[in-house]
1. List the GluC sites (Glu not before Pro) in the range A:259-359 that DSSP assigns to loop (not H, G, I, E or B) and whose Cβ has at most 15 other Cβ atoms within 10 Å. Which are they?
2. Measuring from label point to label point, each 7 Å out along Cα→Cβ, what is the A:Glu225 to B:Ala65 span in nm?
3. Output wanted: per-residue J couplings in Hz (rounded whole) for the range B:49-54, from phi through Karplus 6.51 cos²θ - 1.76 cosθ + 1.60, θ = phi - 60°, x for Gly and Pro.
4. Extending each Cα 7 Å along its Cβ direction at B:Met1 and A:Gln15, get the distance between those two points in nm, one decimal.
5. Give the average, rounded to an integer, of partner chain Cβ atoms located within 10 angstrom of each Cβ in B:168-180.
6. Can you tally the net charge around A:Asn251? Count Lys and Arg as +1, Asp and Glu as -1, for every other residue whose Cβ sits under 10 Å from the Cβ of A:Asn251.
7. Using Cβ counts within 10 Å as a stand-in for footprinting exposure, how do B:Cys83, B:Cys186, B:Cys211 rank, fewest first?
8. Quick one: which of B:108-117, B:227-236 comes out on top by average Cβ neighbours within 10 Å, and what's the full order, highest first?
Amino acid sequence: MDLVANNLSYKPDDQYHLNEVSFNFKEGNLYTILGRTLSGKTTLLKTIAGLLTPDSGEIEFDGKNFLKIPVWERNVAMVYQQFINYPHLNVFENIAFPLKQRKIDQSIINEKVMDALKSVGLLGYENRMIQELSGGQQQRVSLARSLVKNAKILLLDEPLVNLDYKLREQLREEFKNLFSKGLADETILIYSTTDPRETMELNGEVIVLDEGKVLQVGPAKEIFENPNSLKVAEISNDPPMNIIEAKITGNHIRFEGIDVEAPQHLSKLTEDGLKIGLRSSDIELNENGHEFEVELAEISGSETLLHLKRGDTKIIVSIEEVLNFKIHDKVKINFKVDRAYAFNANGKLASSPFGGLNG
Amino acid sequence: MDKLYIFLKYFFIVVWTVFVVAPFLWALTTSFKDFQSVNGGVTYIPWVDFEPNLEGWKVLIKSPAKGGVDIIEPYFNSMFVTCTASLISIILGTLSAYALSRYTFKAGFVKNNDITFFFISQRIMPPIVLSIPFFLFLSSINLLDSLTGLIVVYIVLLMPIAVWIMVDFFNKVPREIDETALIDGCNPYQAFLKVVLPNSIPGLIVAGMFCIIFGWIDFFFAFILTFTEVQLLPVKIVALNSSVTPWWSLSASALVSVAPLIIVAFIVERYLSKGNLSGAIK
């Protein structure tokens, strides 16, 4: 049972929320929609759920026109980024709600709710009111409510974004386990996120969305290794990929008075207006390196992010240890140019270290 | 610092309580006084300052033939009109408020906010402006001087209150809750009844209370739109007045007319303090 969309467009005001979006989702697979905020992720999920009607385009599920089926008959489930539950019901009643709506036998409901509670680790919380739970627990309840339905399509709209760091890590791990247990082989799982790391960890098929447009579709690894454009490179890396305006001539990359030897995959590029892309993790501190000035140093977790500047070129370097720097300190860095990407003047991928070429 | 705070707190509570309760105490004692005790200088304490009697109260239930005023029928009339009009206003008002909060309407330049304002504008207009149209309208459909006619008019007056309070309340209930209900298999009506409404009980209570209060205390329309067939309590109380002001029976009837509101307030207060107005939704 495939979920197929053709040229979905939605333009409620003067901006496209969805712009000619097409996809073909197959059952039993996990799809990750990666995009920045306001890129149209939620709109897309709501359109699939039936809460929004696109201005044009069509969605088919199992060969049937999905747009003609009202939300309440679509058998989809959705988890919102806000922790949405029914505040007037307790945990058990919340999870039982969709089953009661289907008029299922009470004993079966009890059994299914208990199963769902177990799978999200909330056994013993049945009689609590929603307001008494923490954010993470509330989100688990809404996950349990969407699991219990055995929906054919499970939509998760940035389910972890409003949780604190630790809980996010923990729930992400649990999600992965749930998903890999093969929720059911006939479920289509659609997970939207702004976080590239989450995308890579979930390791599903990725759809990169920006301003309502699909920029690239492919397995997570492919998106990571061969982003087809500057935009995708920005969206699929956190911190965003460093983009450096450089000249490549005669096997040398030159920018800001720095001259490094071009690796094989970049050496044949000769066109003008090339931009070099380099991940923040592919730059390292090195005493024999090139001198940059520290603009900002932030420590996040066990990482240090250095915002550096030299002339007009600004870059971000992430270092896997906690280091203290002051603003205007001078640091010396080296570029791992063999991992550099090249994008041509109109932003398309020209060469990647993983061999992917545009077109 | 703490002691000062506690002192000030109780000081203000006491002052405020005296301020609120004193008129009621005054009315209560007055209702047991006779002509002499009211007009012959200030008296406060029964059996000490004056000899209490039940004349003021008896007049209220005696039939006019025996020199009484009989407020029992107007009392029940008032209750019936107020409750019916409030109930209908709450039902209609809640439905319209939900529609205004969740769906987008557009007819030319008229949008949701304009519709909401139209409802509220019914209350902004001075009642006197509406009196003649109402009078002509009711007389044209033969409902002048009838309970049904009053109910119709009160719905016009009370529904804006319900709409106004409930639109605001529904706007605070996240839309995603309705959407989740739809996704969980409810059609829009079920989503409203099973999910949105149970989460709006505090709002419903507040709106209901306002409707009851405004319906119960209305004098103007009850005065203009009824004559002899039906009478409502406020009109009857005013009619008590004669060449000699009967302070005792006026006080008694004032207490009787305020009583239902006080009872309602006490019942409702429990619900309101349980989860404060916005507490239902985190």
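1. Passing sites in the range A:259-359 are A:Glu271, A:Glu320, A:Glu321.
2. 10.5
3. These are the phi-based 3J(HN,Hα) values: 7, 8, 9, x, 9, 9 Hz.
4. Roughly 4.7 nm, to one decimal.
5. Average neighbour count from other chains, rounded to a whole number: 4.
6. Residues near A:Asn251 contribute 0 overall.
7. So the residues, fewest neighbours to most, are B:Cys83, B:Cys186, B:Cys211.
8. The densest-packed peptide leads the list: B:227-236, B:108-117.
Only the coordinates and a few stated rules stand behind these numbers; no lab work does. Computed from a predicted structure; not experimentally measured. All Cβ positions, even for glycine, are placed from backbone atoms using ideal geometry, and neighbour counts span all protein chains on display.
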